[in-house]
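Report on the following structure.
The values are calculated or read from the model by the stated rules, or taken from the named source; none is laboratory data. Here the structure is a predicted model, which is why all the values come from computation and not from measurement. All Cβ positions, even for glycine, are placed from backbone atoms using ideal geometry, and neighbour counts span all protein chains on display. Ligands, DNA and RNA are stripped out before the accessible areas are found, and what is left, the full protein with its side chains, is counted by its heavy atoms. Shrake-Rupley method; radii C 1.70, N 1.55, O 1.52, S 1.80 Å.
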Amino acid sequence: MTLAVFVVLSAVCVAAVAAMILSRNPADNALFLVVAFAALGGLFGLLDSPFAAVAQVLVYAGAIMVLFLFAVMMFDLRRLEPRSRKRVRLGLASALAALLLAELALAGIRISGLAGPAWRSAEARDMARLGRLLFTDYLYPLEISALLLMAAIAGALALAGRKDAG
Amino acid sequence: MSFLALAPILAVVAGALISLLLEAFLGRKGHELSATAAVVSLLAAGYFIVRSWNLELGYFAARLSLDPLALLLMAVFVVLGAFVILMSLAYASRRDIALGQLCGLLLIALAGLMIMVSSTDWLVVFLGLEVLSVASYALTGLRRSDPASSEAAAKYFLMGSFAGAFFVFGLAILFGTSGSMSLASGLSGGGVPSALPAGPAVGLGLIVAALFFKIAVAPFHMWAPDVYEGAPTPVAAFLTIAPKAAGLVVLLRVLAPVLGRGGTAAAVFGPVVSAAAVLTMFAGNLAALRQSSVKRLLAYSAIAHSGYLLVAVAAGDGPGLVFYLIAYLFMNAGAFAVLTALEGDDGGTATLDGLAGLGRRHPALAACLAVFLLSLAGFPPTAGFLAKFYVFSGAVAKGHVVLVVAAVLASLVSVAYYLKVIMVMYMKDAAADLTIGRDEPALWLVVFLCVFGVVQLGLWPGNLLTLIRQGSSGLF
């Protein structure tokens with residue numbers, strides 16, 4: 001079973017990366033990269049590291065790809081994008097969204113399942129230790145990242161906010 | 001271990017929050033209030049910095065440690081921050097910049113700088129660098145009606161993110177191979193002091209490349225002239241001084257032990273730093289020769305000065321580096337302050353031809369600019385001469401003769417374009433009249449303080465040198 005899942009996921013991952021490199025349309029490239037990231041997240045899940053899996057999906061497929069897509073959208077895509085491909089893209093996008101939702105739901109179920117007696121399992125302890133580490137040994141870097149986020153918000157407001165009110 | 005160690009950073013962050021909130025709630029009416037709040041928070045930070053001298057405060061298991069080197073640099077940043085705010089008071093309203101946002105972002109950037117120089121933990125240094133960078137990108141693009149400013153911000157953002165990725169990658173390798181985030185431990189090589197383990201060496205190489213990006217060292221300097229030219233002039237003054245100072249101090253903290261210990265590590269990284277220094281000096285100075293915009297000329301001169309400062313890093317000369325940075329603070333901030341005064345209402349920056357006849361129409365301003373340029377070129381009796389003298393003689397004492405010969409040759413090249421500006425000011429007749437003479441007491445105060453600093457440090461550097469030597473005696 002594990003082997004089958006592994007084979008499927010790695011095949012999807014490799015195929016998505018190949019498609020990403022071969023495809024001409026920047027938006028398609030970005031979406032294929034999301035597929036690759038999602039498959040990678042599944043592989044992490046297979047390796048019994050739920051945190052890495054969730055982080056992979058949330059951080060890469062979620063946050064970083066949104067950034068990529070924004071950057072791609074800033075360019076003028078109408079020239080590159082034939083109208084007939086629109087349906088394909090829509091299908092691809094919704095399939096992707098469903099995949100992400102399924103992964104997140106799976107992760108959520110597993111995490112909420114841990115709240116019971118399973119809380120003592122090894123992986124849960126790892127997560128708890130990670131959290132504790134963040135608020136003890138790594139408190140200073142954590143606080144600085146809060147400052148970093150504030151800098152990003154203030155900077156984004158300064159560059160893109162309303163001009164009169166700022 | 002004391003919570004007081006956090007006080008300077010907290011003061012600056014609090015000032016940033018207050019400025020941003022005042023800007024958000026009061027809008028245009030809040031401009032002067034938020035600038036006042038920012039200056040007050042800088043004064044508070046300055047007070048805490050002076051108070052922490054010689055106390056060796058630390059916090060967060062020494063992830064934050066206020067050693068004398070960090071305190072000296074923090075003081076430099078506070079002074080620079082105050083200069084930039086004073087320079088922007090009239091400039092911001094002229095150029096339709098929200099002053100509260102400028103002050104807030106500037107203070108956040110200062111907090112990032114302070115975090116960077118006061119830690120010996122890679123993770124903290126990286127996060128401080130990112131705080132600084134994110135705030136700098138926004139500061140560069142603050143002149144929103146000007147396409148050059150937006151272009152500069154986009155360029156800076158792209159190149160900066162790229163460099164940041166290098167840094168993280170190097171950090172991951174370093175942490176993965178050594179299991180430690182400390183600046184020093186990664187390269188200790190398992191008990192053999194002279195050995196150079198491959199993993200940490202690659203990691204350190206990537207990090208050094210990223211820092212070279214941030215301080216605009218050739219061959220990673222291509223972004224710098226456009227960014228410095230496109231940024232609002234007071235912000236350009238900040239960008240040419242502050243990130244450079246912080247990056248060089250981090251480089252010094254990392255490389256001084258590596259280079260001083262000798263062995264394979266020194267044999268690999270020593271020539272790299274020296275070559276980068278020589279390349280930077282010549283790339284900056286030769287390109288500056290051909291510029292017609294004064295701001296761009298100063299941008300290239302800033303690149304060249306990164307090269308001189310790298311000489312101090314190559315020689316592991318901490319006191320020389322700090323003295324040079326302080327002298328550079330006064331002369332470069334002064335030059336940019338005069339440039340701010342020269343910019344007309346139309347938004348154009350001063351060209352070389354535009355300076356013609358300045359010596360006759362505005363003798364005081366021209367004299368100040370001449371002092372700053374002579375100091376940048378390294379003429380006695382200004383601070384620039386002593387700074388170069390200390391750095392170069394320190395490097396010769398460590399045996400870097402070829403490097404110093406190259407540095408002196410490069411400074412000779414630089415004399416040509418600094419003197420060209422002075423010649424145009426005094427010996428050419430004005431083609432068009434330049435409208436200056438606005439009532440800007442804050443700007444004149446900055447110019448005056450910078451002239452004072454340049455001359456004072458050039459003639460009587462004793463007090464500062466004592467302070468620097470006293471501070472760095474335990475470190476190098």
Unmet criterion (only one of (1) within 23 Å of the chain's Cα centre (by Cα); (2) over 22 Å from B:Ala201 (Cα atoms)) for B:Arg290: (1)
Residue among B:Leu105, B:Leu64 that alone is modelled with pLDDT under 90 and facing chain A (nearest Cβ under 8 Å): B:Leu64
Lone qualifier among B:Leu339, B:Leu358, B:Leu309 - being touching a residue at least 40 places away in the same chain (Cβ under 8 Å) and over 21 Å from B:Ala242 (Cα atoms): B:Leu358
Test set (1) modelled with pLDDT under 90; (2) open to solvent by 40 Å² or more (accessible area, probe 1.4 Å) - B:Ile436 fails condition number: (2)
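Residues checked against (1) touching a strand residue (DSSP E or B) at 6+ places or on another chain (Cβ under 8 Å); (2) modelled with pLDDT of 90 or more:
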| position | (1), (2) |
| --- | --- |
| B:Leu21 | no, yes |
| B:Leu26 | no, no |
| B:Lys29 | no, no |
| B:Thr36 | no, yes |
| B:Tyr47 | no, yes |
| B:Leu57 | yes, no |
| B:Phe60 | no, no |
| B:Leu73 | no, yes |
Qualifying residue in segment B:276-293 (condition: crowded, with 24+ Cβ neighbours inside 10 Å, touching a Pro at 6+ places or on another chain (Cβ under 7 Å) and outside any loop (DSSP other than H, G, I, E, B)): no
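Quickly run through segment B:84-102 and pick out the residues that are more than 10 Å from every other protein chain (Cβ to nearest Cβ) and open to solvent by less than 10 Å² (accessible area, probe 1.4 Å).
Applying the first criterion (more than 10 Å from every other protein chain (Cβ to nearest Cβ)) to segment B:84-102 yields B:84-95.
If the condition is that a residue be more than 10 Å from every other protein chain (Cβ to nearest Cβ) and open to solvent by less than 10 Å² (accessible area, probe 1.4 Å), then B:Val84, B:Ile85, B:Met87, B:Ser88, B:Tyr91, B:Ala92 are the ones that fit.
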From B:Gly270, B:Gly247, residue being part of a helix (DSSP H, G or I) and either in contact with a Gly (Cβ under 7 Å, 6 or more places away or on another chain) or within 29 Å of B:Ala92 (Cβ to Cβ) (or both): B:Gly247
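Out of the residues in segment B:47-63 that are more than 11 Å from B:Ala7 (Cβ to Cβ) and of a type outside the set (D, E, K, R), which is least open to solvent (accessible area, probe 1.4 Å)? Explain how you work it out, then say what you get.
Pass one, segment B:47-63, residues more than 11 Å from B:Ala7 (Cβ to Cβ): B:50, B:53-56, B:58, B:60-63.
So of that shortlist, the ones also of a type outside the set (D, E, K, R) come out as B:50, B:53-55, B:58, B:60-62.
Working: B:Val50: 111, B:Trp53: 56, B:Asn54: 92, B:Leu55: 90, B:Gly58: 6, B:Phe60: 44, B:Ala61: 87, B:Ala62: 49 Å².
So the residue we want is B:Gly58.
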Residues satisfying the stated conditions in segment B:108-126, i.e. open to solvent by 20 Å² or more (accessible area, probe 1.4 Å) and within 10 Å of chain A (Cβ to nearest Cβ): B:Leu123, B:Phe126
